[in-house]
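The values are calculated or read from the model by the stated rules, or taken from the named source; none is laboratory data. All figures in this text were calculated on a predicted structure; none of them were measured in a lab. Positions of Cβ are generated from backbone atoms using ideal geometry, with glycine treated the same way; all protein chains shown enter the neighbour counts. To get the accessible areas, we keep the full protein, side chains included, count just its heavy atoms, and leave off ligands, DNA and RNA. Shrake-Rupley method; radii C 1.70, N 1.55, O 1.52, S 1.80 Å.
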Amino acid sequence: MQWVSTLQTADDFSDALADGIAALAARLVDAPDLVFAFVAPAQRPGLPALGRAIRGQWPHARVMGCTGGGVLASGREVEGQAAVALIGAVLPGVRIDAFHLAADALPESTDGAGWREALGAPDAPAAVIICPDPFSCPPERILRGLHRAWPDATVLGGMASGGEGPGSHYLFHDDSAYGGGVVGVALSGDVQVD
């Protein structure tokens, strides 16, 4: 198992992303199974192509992330300027189920079965990592649903931030970028998260 992070700043989003991908590739021992991407919202042009660029380098990697008012990686934090933070993980023996749910697709049910069905994730993941958009999805409802679906799973993550209203954030899920809802990954198999 290996985790590597990089934080790139540049005036041009494409350059920062290419530099980040190159920095991860230079330090990873193998192709990553999972790449988290966090981007300052000042870089809006080009953001929808983020997942495709990462998966152009690593076609089998799952991609998840969001925009953030501040982004951090490699022991540094950047706020108020353009930045791209990437975290690559080589996770042998770990099953990664990635998901996006639009706000209107959140299960209404208060039991866990509706959430398990909506996410299509395994029966008992060790961890669920989420990034909701606060303007379109109530985080409390998501957390309640996930805890009912998988009471023994560690649930963690953070909210998209830096936007000024509905539709001002991006959420990244594999090759796609969304303006709302929640993205996440469920990790199961040879993994333990405390």
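Details
Residues checked against (1) free of Cβ contacts under 8 Å to residues at least 40 places away in the same chain; (2) closer than 27 Å to residue 186 by Cβ; (3) in contact with a Gly (Cβ under 9 Å, 6 or more places away or on another chain):
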site: 9; (1), (2), (3): no, no, no
site: 59; (1), (2), (3): yes, yes, no
site: 70; (1), (2), (3): no, yes, yes
site: 93; (1), (2), (3): no, yes, yes
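- Taken over segment 22-57, the residue count meeting the criterion of being modelled with pLDDT of 90 or more and more than 16 Å from the chain's Cα centre (by Cα) is 12.
- Within segment 116-129, the set of residues being part of a strand (DSSP E or B) and either of a type in the set (Asp, Glu) or open to solvent by 20 Å² or more (accessible area, probe 1.4 Å) (or both) comprises 129 only.
- Residue match in segment 180-193 (condition: modelled with pLDDT under 95, open to solvent by 30 Å² or more (accessible area, probe 1.4 Å), more than 20 Å from residue 88 (Cβ to Cβ) and out of contact with any strand residue (DSSP E or B) (no Cβ under 7 Å at 6 or more places or on another chain)): no
- Those residues of segment 141-158 which are without any contact (Cβ under 8 Å) to a residue 40 or more places away in the chain, surrounded by fewer than 18 Cβ atoms within 10 Å (Cβ to Cβ) and not basic (Lys, Arg), in sequence order: 143, 147, 151, 152, 156
- Strands (runs of 3 or more DSSP E) wholly inside segment 1-115 containing at least 1 residues that are open to solvent by less than 70 Å² (accessible area, probe 1.4 Å) and touching a helix residue (DSSP H, G or I) at 6+ places or on another chain (Cβ under 7 Å): 2-8, 34-39, 62-67, 84-90, 94-101
Okay, residues lined up against (1) within 23 Å of residue 169 (Cα to Cα); (2) small (Gly, Ala, Ser):
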position	(1), (2)
9	yes, no
18	yes, yes
23	no, yes
26	no, yes
79	yes, no
105	yes, yes
113	no, yes
